[in-house]
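Reading through the structure tokens given below for one structure.
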Ligand SMILES: C[S@@+](CC[C@H](N)C(=O)[O-])C[C@H]1O[C@@H](n2cnc3c(N)ncnc32)[C@H](O)[C@@H]1O
């Protein structure tokens, strides 16, 4: 089954605007792993579930060619509109049916996406298309590790964030729960003996109140909530922004707070 929760044009532009580019720390871990396991040359990276291409573009300087794959036309349209990356192309497709020859891919990545894939079909395709010693890197972040802070109001901001998550909890699809498990089952199912799962890479960012609220709108459970009741969903956002600003004692939604996030990364290398 292919999940189609990211199809809308609006959702794609929200993605482009508010989703985080994976942090340098995580990218460096992945490239180091690839260098250790397979080494140069880095010819082809394929980024599965690329969405609007944040992770695909991040890989561009390190590979001769990067191909982003996604099921959603709207996400791909937004990705293709970003100029300045001549070695990155985007194709419509699924992680379960990869149109690449056997043993042709150096690195397969999926950023905040592998939890949507059909596990066994994806792993069969990954095993087929990777070069010997080629690597897969399945990364993401878990919301349970997210912490907000602004001056002396830390816990109160986290409390508001937690309340939003509670409202959206009934709209959480099974795959999102799989991501929160840091892909435990998928990791276990990887057929390569050479694999590891890094459970928490701490990353410190700053984010404006406006962008944090925008980030919430990118969640699949928010989109599901909005589909059911657009006005209540809109009110939830307005109210959340208002509460953040009040707690912080500021009026501008461009005021920035600290955001700590926990990324995970599943790494595996195909046998020789
Ligand atoms: C949460 S988004 C992540 C997008 C991007 N990688 C990022 O880091 O922001 C998940 C993406 O996976 C895509 N997707 C879901 N199932 C897929 C599948 N089976 N094959 C390829 N893409 C898929 C969705 O269309 C969506 O764009």
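Derivation of every value follows stated rules applied to the coordinates shown; laboratory data play no part. Computed from a predicted structure; not experimentally measured. In this analysis, Cβ positions are derived from the backbone assuming ideal geometry, glycine residues included, and neighbour counts consider all displayed protein chains.
So what's the gap between the Cα centers of the range 203-219 and the range 30-99, to the nearest angstrom?
24
Considering the chain as a Gaussian network with a 10 Å cut-off on Cα pairs, which listed residue, 222, 192, 122, attains the greatest mean-square fluctuation?
So, out of 222, 192, 122, the one fluctuating most is 192.
GNM, the chain, Cα, under 10 Å: largest mean-square fluctuation among 259, 58, 238?
Answer for the Gaussian network model of the chain: 238.
Along the Cα→Cβ direction, 7 angstrom out, place labels at residue 10 and residue 128. What is the inter-label distance in nm?
About 3.8 nm separates the two model spin labels.
Over the Cα atoms of the range 9-269, what is the Rg over Rh ratio if Rh follows Kirkwood?
Values: Rg = 18.8 Å, Rh = 19.2 Å.
Result for the range 9-269 is an Rg/Rh of 0.98.
So what is the 222 nm mean residue ellipticity for the chain from helices alone, if each DSSP H run of at least 4 adds -39500 (n - 2.57) and you divide by all residues, rounding to the nearest 500 deg cm²/dmol? Spell out each step's value before the answer.
Values: 11 runs with 114 residues, N = 272.
The helix contribution divided over the chain gives -12500 deg cm²/dmol.
Provide 13, 220 in ascending order of the number of other Cβ atoms located within 10 Å of each residue's Cβ, fewest first.
Details: 13 15, 220 18.
If I rank by nearby Cβ atoms, fewest first, I get 13, 220.
For the range 88-191, what is the percent of antiparallel DSSP beta bridges, rounded to the nearest 5? It would help to have the intermediate numbers written out before the result.
Details: 2 of 8 bridges.
So the antiparallel bridges in the range 88-191 amount to around 25 percent.
Rounded, prolate or oblate: pick one for the range 176-269, where a ≥ b ≥ c are the square roots of the eigenvalues of its C-alpha gyration tensor, a/c under 1.5 means rounded, and failing that, prolate if a/b is larger than b/c, else oblate. Mind showing how you got there, number by number?
Values: a/c = 4.49, a/b = 1.80, b/c = 2.50.
Oblate, because a/c is 1.5 or more while a/b does not exceed b/c.
Sorted from fewest to most neighbouring beta carbons within 10 Å, what does the list 116, 219 look like? Before the final figure, lay out the partial values.
Numbers: 116 25, 219 20.
In order of increasing Cβ crowding within 10 Å: 219, 116.
Looking at the range 34-148 only, what percent of DSSP beta bridges run antiparallel? Nearest 5 please. Could the numbers behind the result be given before it?
Numbers: 1 of 21 bridges.
Counting only bridges with both partners in the range 34-148, antiparallel ones make up about 5 percent.
Give the order of 56, 127 when sorted by the count of other beta carbons within 10 angstrom, beginning with the fewest.
Values: 56 28, 127 17.
Result, fewest neighbours first: 127, 56.
Could you grab the relative contact order for the range 9-269? Cα pairs under 8 Å, six or more apart, rounded to a whole percent.
On the way: 459 pairs, mean separation 58.7, N = 261.
Taking the mean separation of contacting Cα pairs over the length of the range 9-269, I get 22 percent.
Nearest-5 percent of antiparallel DSSP beta bridges in the range 9-269?
Values: 25 of 45 bridges.
Once the DSSP bridges in the range 9-269 are tallied, antiparallel ones form about 55 percent.
Can you tell me which of 193, 175, 23 moves the most in a GNM of the chain? Springs connect C-alpha atoms under 10 Å apart.
Per the Cα network of the chain with a 10 Å cutoff, 193 tops the list.
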